[in-house]
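S.K.: One structure, as structure tokens, below. Some questions next.
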Amino acid sequence: MSTLSTAQTRDISHHLHPYTNAVKHTQVGPRIIERGEGIYVYDDQGKQYLEAMAGLWSVAVGFNESRLVQAATRQMQKLPFYHTFTHKAHTPSIELAEKLVGYTQGKMRSAFFTNSGSEANDTVVKMVWFYNNALGRPAKKKIIARNRAYHGVTVAAASLTGLAPNHRDFDLPLPGMLHTSCPHLYRYGLPNETEEQFATRLADELDALILREGPDTIAAFIGEPLMAAGGVIIPPRTYWQKIQAVCRKHDVLIVADEVITGFGRLGTRFGSDLFQIEPDLMVLSKQLTSSYLPLAAVLLNEKVHSVITRHSGELGTFGHGYTTSGHPVATALAIENLNIIDERGLIDNAAQTGAVLQNALRSLSDHPLIGEVRGTGLIAGVELVADKATRRPFEPLGKVGAAVYERAHDYGLIVRGIQDTIAFCPPLIITPAQVDDIVDRFIQALDDVHKTL
Ligand SMILES: Cc1ncc(COP(=O)(O)O)c(C=O)c1O
């Protein structure tokens, strides 16, 4: 990685970065990203990168949408901050809540705002506990998530996350946060197992886990409709129907974490639409504001909403909330961002241009390093393996993925290496020609790395 001018003129050691090897960082320095334009970002040496990860799976409308700047500016000038505690409100947060509920065609009843996806998932945990206390079921508190899930990094959210680096030496997960199998057929399916058989086996496993723990102790099941940060993992056919049936049987709430799949990523408004999930709670963030400002939302259906609101009346308050819950500038910006997604047909674009991406990547399947190509809409993963026939991974896991990630920068392409899966998640405004460009640059980086093995 090149050392760039800001890194040379400033003391970079004062900035402790998230998800970064702090020792290596002092050696390689940061790549300073200075500006954005459409699907591209530029570093402080003027080098252009096609941002095929939309930043952190999050920038729907591109990196210089002036309407969002204007919407934020207008609200900044009018009312830069006010809170939503104790019966105060402002129009943008009310309007956004109404808009989000409207998008679910009334399946969800209300919205609670937080600043990040992690906070939203911590909020979900507290809502689920509060709900069961309100119903006089103090033992019904455990939450089941999945191995390889990503739900964030705050204490409860990180406990739900099913990835070792988020637990190791953080003394997590918390007690009562359980994990069941990851629905990835390619890696965890049995020989000759069909998608349907695999889905049945996982649903049976969930049922057995709930019975073993005691149904009166299990409060909720949380899942990303399609697992993104765990490696872009699409559930096998019939998975969600079968999992939901088990949850309903045991009166276990269903939480859809749509932080990445919300607002068109899969070519449908929500991932729940694609997989016919009927969540009791839904978590939204990222593309909600295209990440121009921090904002997330928890949507509650009538069943949960009615219990929580009633109990807040009994206690005198719902004792939870953030100074900036529903921040007026963030919510005003979100409304404009969602209007742009609708006006420009970006959800349809994700379906159509997403098909171009999926086909182009699948056409690479014969490549000697490529084990599996997976994805739907504008999200995809290409898993690299040491042996295609046996699916044997590289050792150490992640080294080849990191090499491809690094090499792609030389071709002006930003992807992500998740272990040895290369992830793609470009802005929803991308065109078919730009998708071809991603694939061309990717294959060059992949071939370069191949030659070094
Ligand atoms: C599905 C999902 N949930 C929650 C989060 C956490 O969101 P944040 O990073 O805003 O805390 C993420 C972040 O990538 C995510 O992908």
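S.K.: Could you grab me the full set of residues in region 240-262 that are farther than 21 Å from Ser285 by Cα and of a type in the set (Val, Ile, Thr)?
M.R.: Going residue by residue through region 240-262, those that are farther than 21 Å from Ser285 by Cα are 240-252.
Listed by number, the residues that qualify are Ile243, Val246, Val252.
S.K.: Further question: Residue by residue through region 401-416, note down the ones that are open to solvent by 10 Å² or more (accessible area, probe 1.4 Å), touching a helix residue (DSSP H, G or I) at 6+ places or on another chain (Cβ under 8 Å) and either under 17 Å from Asp440 (Cβ atoms) or aliphatic (A, V, I, L, M) (or both).
M.R.: Answer for region 401-416, where residues must be open to solvent by 10 Å² or more (accessible area, probe 1.4 Å), touching a helix residue (DSSP H, G or I) at 6+ places or on another chain (Cβ under 8 Å) and either under 17 Å from Asp440 (Cβ atoms) or aliphatic (A, V, I, L, M) (or both): Ala403, Arg407, Asp410, Tyr411, Ile414.
S.K.: Sort out which residues of region 154-178 are closer than 16 Å to Ser116 by Cβ, outside any helix (DSSP H, G or I) and in contact (Cβ under 8 Å) with a residue 24 or more places away in the chain, and write them in order of number.
M.R.: Thr154
S.K.: Right, something else. crowded, with 19+ Cβ neighbours inside 10 Å and part of a loop (DSSP other than H, G, I, E, B) - does that describe any residue in region 117-134?
M.R.: At the first step, the residues of region 117-134 found to be crowded, with 19+ Cβ neighbours inside 10 Å are 117-125, 127-128, 130-132.
Retained after the next criterion (residues that are part of a loop (DSSP other than H, G, I, E, B)): none.
Within region 117-134 (the criterion being crowded, with 19+ Cβ neighbours inside 10 Å and part of a loop (DSSP other than H, G, I, E, B)), the answer is no, since none of the residues qualifies.
S.K.: Also, I was wondering about something else. Would you mind stating whether Phe221 is away from the ligand (no atom under 16 Å from the Cβ), modelled with pLDDT of 95 or more and open to solvent by less than 10 Å² (accessible area, probe 1.4 Å)? First the steps, then the outcome.
M.R.: On the way: away from the ligand (no atom under 16 Å from the Cβ): no; modelled with pLDDT of 95 or more: yes; open to solvent by less than 10 Å² (accessible area, probe 1.4 Å): yes.
No; evaluated as a whole, the condition is false for this residue.
S.K.: Could you say which residue among Leu163, Leu178 is open to solvent by 10 Å² or more (accessible area, probe 1.4 Å), more than 16 Å from the ligand (Cβ to nearest atom) and of a type in the set (A, V, I, L, M, F, W, C)? Even if it seems obvious, please write down each step before you answer.
M.R.: On the way: Leu163 fails: more than 16 Å from the ligand (Cβ to nearest atom).
Answer to the check: Leu178.
S.K.: Filter region 297-322 for residues that are open to solvent by less than 60 Å² (accessible area, probe 1.4 Å) and under 30 Å from Thr238 (Cβ atoms); which is farthest from the ligand (Cβ to nearest atom)?
M.R.: Taking the candidates together, the pick is His305.
S.K.: Sticking with this structure for a sec: For region 58-73, state whether one or more residues are under 19 Å from Thr323 (Cα atoms) and part of a helix (DSSP H, G or I). Explain how you work it out, then say what you get.
M.R.: Kept after step one, since they are under 19 Å from Thr323 (Cα atoms), are these residues of region 58-73: 72.
From the residues that got through so far, the ones that are part of a helix (DSSP H, G or I) too are 72.
Yes, region 58-73 has at least one match.
S.K.: If you scan region 372-400, which residues turn out to be within 22 Å of the chain's Cα centre (by Cα), more than 16 Å from Cys425 (Cα to Cα) and open to solvent by 30 Å² or more (accessible area, probe 1.4 Å)?
M.R.: Glu372
S.K.: Which numbered condition in (1) within 9 Å of the ligand (Cβ to nearest atom); (2) assigned to a helix (DSSP H, G or I) is the only one that His151 fails?
M.R.: Condition (2) is where His151 drops out.
S.K.: Something else: Given the conditions (1) without any contact (Cβ under 8 Å) to a residue 40 or more places away in the chain; (2) in a strand (DSSP E or B); (3) within 27 Å of Ile430 (Cα to Cα), which single one is not true for Asp273?
M.R.: (2)
S.K.: Quick check on His83: is it away from the ligand (no atom under 16 Å from the Cβ), within 28 Å of Thr154 (Cα to Cα) and either in a helix (DSSP H, G or I) or open to solvent by 60 Å² or more (accessible area, probe 1.4 Å) (or both)? Walk me through how you get there before you give the answer.
M.R.: Working: away from the ligand (no atom under 16 Å from the Cβ): yes; within 28 Å of Thr154 (Cα to Cα): yes; either in a helix (DSSP H, G or I) or open to solvent by 60 Å² or more (accessible area, probe 1.4 Å) (or both): no.
No; evaluated as a whole, the condition is false for this residue.
S.K.: Going by the conditions given, is Ala203 out of contact with any His (no Cβ under 6 Å at 6 or more places or on another chain) and open to solvent by 50 Å² or more (accessible area, probe 1.4 Å)? It would help to see each step written out before you state the result.
M.R.: Numbers: out of contact with any His (no Cβ under 6 Å at 6 or more places or on another chain): yes; open to solvent by 50 Å² or more (accessible area, probe 1.4 Å): no.
So Ala203 does not fit the description; no.
The values are calculated or read from the model by the stated rules, or taken from the named source; none is laboratory data. Only a predicted model underlies this, so the values are computations on that prediction, with no experimental measurement involved. Neighbour counts are summed over all protein chains in view; Cβ atoms, including those assigned to glycine, are modelled from backbone coordinates with ideal geometry. Please note that ligands, DNA and RNA were not included when accessible areas were found on the heavy atoms of the full protein model with its side chains. Shrake-Rupley method; radii C 1.70, N 1.55, O 1.52, S 1.80 Å.
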